[in-house]
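Q: Quick one: the structure is below, and I'll ask about it shortly.
The values are calculated or read from the model by the stated rules, or taken from the named source; none is laboratory data. Bear in mind that the values here come from a model prediction, so they are computed numbers and not experimental data. Cβ atoms come from the backbone with ideal geometry, glycine included; neighbour counts cover every protein chain shown.
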Amino acid sequence: MENKTYIFEGKTTNEAIEKGLKELKLPKSKVDIKVLEQEDKRSFFSILAPRVVKVEMTIKENAKENISASIIKEIKKDNIERKPIDMTTVKANVEVFVKDFISKLPTKDVTYTIETEGNNLMVDMNGGDTGYLIGYRGEVLNSIQNILTNIANKGNKDKVKVMLNIGGYREKREKDLENLAMKIAASVVKTGKSITLEPMTAYERKVIHTKLQSNEKVTTYSVGEEPYRKLVVALNK
């Protein structure tokens, strides 16, 4: 009898494996696991976009009788329905909105570029005084990004990650966050007391976490619920 093989996804290898075992209702000893996409895969979008890890699970011959036909059918259906996203269409839909949006701005010399990589889409706007499109610590920018994300994901089963950058704000903010991370880490090491930062977006928290992950003296973790989730920097005991 042919072995049954399925694909599962997660933000980490462990998450993808746990998801697969839960859906298959099998212990780890009953499946063969192969990692298809490694966690350490880096790209231009690695800081802005969460990683997606894919694992392939093949049910061992002696474990097949433990899976009901209904479970196999449901997993098989989910794998079949996951078709690749047509990023050309996604880009075109987003571009229609961006063109119309820019045409209505009081600043008339704003230009844009749209690039894609995998299921990631990067929109970059530049020109003139665009500070009002950024807002306090990127609040307006993030709101516009949410609109673009909704447009990009309309009708798609898998998720398209949209990253909006205006006037080089992302690079400036990232540098400021990295400097903040170093100062906070130094303070934690000096005082021995953990520091909880103000609420930040997942992107901003990840910038700080990435900057400090090689610092063996401190550790970082998040607390609370979105959109008020905060990053904690603590002494690594």
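Q: Test GLY155 against the stated conditions and say whether it is out of contact with any Asp or Glu (no Cβ under 7 Å at 6 or more places or on another chain), assigned to a loop (DSSP other than H, G, I, E, B) and not assigned by TED's automatic domain parsing to the domain that holds LYS230.
A: So GLY155 fits the description; yes.
Q: Scan the stretch 218-237 and report the pairs whose first residue is over 16 Å from THR191 (Cβ atoms) and whose second residue is in a loop (DSSP other than H, G, I, E, B), with Cβ atoms within less than 6 Å and a gap of 6+ or a chain change.
A: Close Cβ pairs satisfying both conditions: SER222/ARG229; TYR228/PRO199; LYS230/LEU197; LYS230/PRO199; LYS230/GLY224; LEU231/LEU197.
Q: In the stretch 111-127, is there at least one residue being more than 20 Å from the chain's Cα centre (by Cα), modelled with pLDDT of 90 or more and outside any strand (DSSP E or B)?
A: No - not one qualifying residue is present in the stretch 111-127.
Q: Hey, another quick one. I'd like to check something: does the stretch 213-224 contain any residue that is within 17 Å of the chain's Cα centre (by Cα) and farther than 30 Å from GLU95 by Cα?
A: Yes: one or more hits.
Q: Now for a separate question. Answer with yes or no whether THR201 is of a type in the set (Ser, Thr, Tyr) and loosely packed, with under 12 Cβ neighbours inside 10 Å.
A: Taking the combined requirement at face value, the residue does not satisfy it.
Q: Separate question: Go through GLY127, GLY118 for me and flag whichever is surrounded by fewer than 18 Cβ atoms within 10 Å (Cβ to Cβ) and more than 30 Å from GLU9 (Cβ to Cβ).
A: The unique qualifying residue is GLY127.
Q: Quick check on this structure: which one of ILE144, ILE134 is farther than 15 Å from PHE97 by Cα and touching a Leu at 6+ places or on another chain (Cβ under 7 Å)?
A: The conditions single out ILE134.
Q: What strands (runs of 3 or more DSSP E) lie completely within the stretch 161-237 and have 1 or more residues being among the hydroxyl-bearing types (Ser, Thr, Tyr) and in contact with a helix residue (DSSP H, G or I) (Cβ under 6 Å, 6 or more places away or on another chain)?
A: Here the list reads 218-223.
Q: Would you pick out the residues in the stretch 130-152 that are surrounded by fewer than 16 Cβ atoms within 10 Å (Cβ to Cβ) and either outside the structural domain of VAL96 (by TED's automatic domain parsing) or assigned to a loop (DSSP other than H, G, I, E, B) (or both)?
A: Result: GLY135, single match.
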